[in-house]
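Below: the structure, in structure tokens.
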Amino acid sequence: MLHTFVALVEDKTGLLARVTSLFRRLNVNIISLTVGGTETVGVSRTTIVAEAAEDRAPRIMASLYKLEGVLDVDDVGRHSAVIRELAMLKIAANQNTRSDLFQLAEVFRARIVDLAPESLMMEITGSASKIEGLVQILVQGNYRILEMARTGRMAMRRGHHASSVLEALGDTTPRVDPKTFSKVLRHEAPDLFEDEHHA
Amino acid sequence: MDKRKKITDTHRNSPDTAIYTQPTPLTGAETVWATLVGEGVRDVFGYPGGAILPVYDALRKFPIRHILVRHEQGASHMADGYARASGRVGVAMATSGPGATNLVTGIATAMLDSIPMVCITGQVSSKVLGTDAFQEVDITGITLPITKHNFLVRRTEDIAPALREAFRIAQSGRPGPVLVDITKDAQQNTAVFDFAAAAPQPYRPHPMLSADSTSIREALELLRTAKRPVILAGQGILHSGAMEQVRALAERTQIPVACTLLGLTAFPASHPLNLGMMGMHGESWVNHAIQQADLLIACGMRFDDRVTGSLSTYAPNAKKIHIEIDPAEINKNVHVDVGLIGDLKEILETLLPRLPGRDGTAWLHAISAMKGDASVHDIQQLPDNGHLYAAHVINDIWRVTNGNAIVVTDVGQHQMWEAQYYKHDSPRSLITSGGLGTMGFALPAAIGAKIACPEKEVWVIAGDGGFQMTSPELATIVQEQLKINIAIVNNGYLGMVRQWQETFYEKNYECTPLISPDFVKLADAHGIRGTHVNRRADVISTVETARQNPGAFLIDFHVEQEDSVYPMIAPGAALHEMIRRPKHNPLVETATEE
């Protein structure tokens, strides 16, 4: 099965190599890996999607914890979480075919971010299944996908959950401001629907 | 120059202690030694070379004994043996490139056996890093999967913090080796040395490392209701210093103890509750007890494939409690019912006051009955049939040394015979490469053990194959004037491989017959006394001679060539499906087939 791990790591040279080397050593294939900044300076967030038997998740997490510089690990797949991916697609399109693609983009809530005489670029954010849905429609509609780039998954738990380790380190800032908490929930509601719709 | 005199002059200039109380400008090289001294290091095993020369140049200013090895693999094994014998962090040092790569086998050995060790390597100058400069190798890349952590230090001011953190990491939690790679320019430049400010963050056990009260309750419940429990004692007991607690647990609950190879010295061999070693070459009653148990209490061990046999048939009726500091070991090989993650000593101290006494007589009697004639272990009573057996040699060394020596073994048949016939009553008195099974380990590791514990009697027991892998370290023994006794169990074969060929490859002894030099002459060439032994009658007197000899002594025991270690579990077979000692084996009067 696919596991989605979120690891907060110190932003230091070589740490990513340690993380990926660990998966290689455990003989676990990484499906996708994203790395980026967080709300804390000096801490990077890595989201790792990996293929492994269900019962292997605890050991993978524990092994990640063992790496120096790994501050916290979460198996977000086990919790209610928002999981998103961004994809950019360059599709062959001329004057005649463009408008159909515009319509498709609207249905999938994708955006056209570049337009050229023979092609256009579409940007889509959402669950993996939503992106795959768009790709499937494009392929079945005989559109030529000239280029595709996907970020891999990013994930965040729903609700007021924050890293226990960062709190233990003295970082008491709540991950989500309680005042805006209800707004966040409202804002997320359509996405929740979207996840289910495309699942 | 009299090299020996120079080298044994360990009291070099004492450093100005002021450098530890007030920040002082030091070169990177001086910082390396100052930090080591500050961390309590007294001995370093190493080999100089271009990229580490600035550090060696600064050595004369610091009170550290440097042991010059003959191959860097020896340095890492010595640091390893030093750590195993003393519990203190062992330190190895080498230059860049080949010096660093030669350390690798020793680092992996320490990693697999969780040994606290710090390796310091020189690296080419930071300006040429990544250009394939002379003797440049990406040693932090190479050692990434075989170290607990490693550092590449490019700036002088980072040396002390990196080294101090390396010591913290090596010792905390589950111990392991750490490598610090320091560029030559970082060694040469000067920065302010502030020992206190370089202190690492204190070790913060992860929240997962807590035995929660529910698990403790469950463990107590299992312990209270068990009818046929067995304690599995591993090396974690030594790391945690929980020897007394494990003993208290066993005695209060009358639960018998089976040991792993690395856990053999964690529980006294002479204790009536000690069953002996479990696993591939464990005695039959030990493995049968585990297979019939209804509860296993695993203390600081990791259910290695050499102790479980086939996992699908392992202890099928037993509930399992696993007390372990490394959460990644829980449920790795064997599914456990209760995992208690944390320091073994602390967890046992939580459990012990809440454990009532228990009558274990029935189960202990049942195990005794399983021993039957397989327990004919007093091999001294067996008549001399004109042959010399390794088991006799090792048993005699045990008797003559009263079991008080530190025995350092290599890997192979003699290692298993040692585990069977030398009875260890004191902690850390057996030093052996378990997880990686590194041939060539014994001689250098014994040097490390002797440096760590100069007051102890140290015996090397090695096979003729493994001994030749690192035999140049004989010169190190001489240069350092060490009293180490060496017993070579010489059967003219790579014995354990030959045994496998005998059992699983139809006696096709491919590439296992082995010609060796005359080890006594080899010792003599180094200025070490030695003698050959071919007869059982000569074993005890020669062992005595070796002990009385003021310097190192080598005995080449020419033992029976095609002797095998029994019992034996074929790879993939169940723990109870042992190949027992054959009836004609002179080491047992009788034995029953499984």
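In the stretch B:263-368, counting only helices (runs of 4 or more DSSP H) that sit wholly within it, the ones holding 3 or more residues that are under 27 Å from B:T214 (Cα atoms) span B:344-351. Being more than 12 Å from chain A (Cβ to nearest Cβ), crowded, with 24+ Cβ neighbours inside 10 Å and in contact (Cβ under 8 Å) with a residue 40 or more places away in the chain is a condition met by no residue of the stretch B:147-154. Candidates in the stretch B:331-371 are the residues that are within 12 Å of another protein chain (Cβ to nearest Cβ) and more than 19 Å from B:E221 (Cβ to Cβ); of these, the one that is surrounded by the most Cβ atoms within 10 Å (Cβ to Cβ) is B:K332. Restricting attention to the stretch B:225-257, the residues being among the charged types (D, E, K, R) and either within 15 Å of B:R302 (Cα to Cα) or in contact (Cβ under 8 Å) with a residue 60 or more places away in the chain (or both) number 3.
What is the one condition in (1) surrounded by 21 or more Cβ atoms within 10 Å (Cβ to Cβ); (2) on the phi > 0 side of the Ramachandran plot that B:Q415 does not satisfy? For B:Q415, the failing item is (2). Restricted to the stretch B:111-225, the set of helices (runs of 4 or more DSSP H) holding at least 2 residues that are not assigned by TED's automatic domain parsing to the domain that holds B:D16 comprises B:213-225. Screening the stretch A:45-63 for residues that are surrounded by 20 or more Cβ atoms within 10 Å (Cβ to Cβ) and more than 9 Å from chain B (Cβ to nearest Cβ) and picking the one that is farthest from A:E10 (Cα to Cα) gives A:A50. Criterion applied to A:L15, A:L67 was being in contact with a Lys or Arg (Cβ under 8 Å, 6 or more places away or on another chain) and within 13 Å of chain B (Cβ to nearest Cβ), and the one residue passing it is A:L67. Contact annotation: residue pairs with Cβ atoms under 9 Å, 6 or more positions apart or on different chains, pairing a residue in the stretch A:26-40 that is assigned by TED's automatic domain parsing to the domain that holds A:A7 and under 11 Å from A:F5 (Cβ atoms) with a partner that is surrounded by fewer than 16 Cβ atoms within 10 Å (Cβ to Cβ) and hydroxyl-bearing (S, T, Y), are A:I30/A:T20; A:L33/A:T20. The strands (runs of 3 or more DSSP E) falling completely within the stretch A:87-159 that include 1 or more residues that are crowded, with 19+ Cβ neighbours inside 10 Å map to A:119-126, A:154-157. Inspect all residues belonging to the stretch B:384-391 and state whether any of them is of a type in the set (A, V, I, L, M), within 14 Å of chain A (Cβ to nearest Cβ) and touching a residue at least 12 places away in the same chain (Cβ under 8 Å). For the stretch B:384-391, residues of a type in the set (A, V, I, L, M), within 14 Å of chain A (Cβ to nearest Cβ) and touching a residue at least 12 places away in the same chain (Cβ under 8 Å): absent.
Name the single residue, out of those in the stretch B:158-176 being crowded, with 24+ Cβ neighbours inside 10 Å and away from chain A (no Cβ under 13 Å), that is nearest to B:P23 (Cα to Cα). Out of the qualifying residues, it is B:A160. Can you pull out the residues in the stretch B:435-449 that are crowded, with 24+ Cβ neighbours inside 10 Å and outside any helix (DSSP H, G or I)? Correct list: B:T438, B:G440, B:F441. Kindly check whether there is at least one residue in the stretch B:123-131 that is hydrophobic (A, V, I, L, M, F, W, C) and more than 14 Å from chain A (Cβ to nearest Cβ). The answer is yes; a qualifying residue exists. Counting only strands (runs of 3 or more DSSP E) wholly contained in the stretch B:1-70, the ones carrying 2 or more residues that are in contact with an Asp or Glu (Cβ under 8 Å, 6 or more places away or on another chain) and at pLDDT 90 or above occupy B:65-68. Flag set for A:V76, criterion: closer than 27 Å to A:T125 by Cβ and more than 14 Å from every other protein chain (Cβ to nearest Cβ). Do we find that B:V246 is closer than 30 Å to B:E418 by Cβ and in contact with a Leu (Cβ under 6 Å, 6 or more places away or on another chain) in this structure? No: the conditions fail for B:V246. For the stretch B:271-290, filtering for residues that are out of contact with any helix residue (DSSP H, G or I) (no Cβ under 8 Å at 6 or more places or on another chain) and over 25 Å from B:D113 (Cα atoms) leaves 1. Looking only at the stretch A:110-156, which residues are more than 18 Å from A:R84 (Cα to Cα), of a type in the set (V, I, T) and in contact with a helix residue (DSSP H, G or I) (Cβ under 9 Å, 6 or more places away or on another chain)? Those that are more than 18 Å from A:R84 (Cα to Cα), of a type in the set (V, I, T) and in contact with a helix residue (DSSP H, G or I) (Cβ under 9 Å, 6 or more places away or on another chain): A:I112, A:I137, A:I145. Checking every residue in the stretch B:287-302 against the condition of being more than 21 Å from B:S426 (Cβ to Cβ), in contact with a Ser or Thr (Cβ under 7 Å, 6 or more places away or on another chain) and more than 14 Å from every other protein chain (Cβ to nearest Cβ) gives zero matches.
The values are calculated or read from the model by the stated rules, or taken from the named source; none is laboratory data. Everything numeric in this text was worked out from a predicted model, so none of it was measured. Cβ coordinates were reconstructed from backbone atoms using ideal geometry, including for glycine residues, and neighbour counts include every protein chain displayed.
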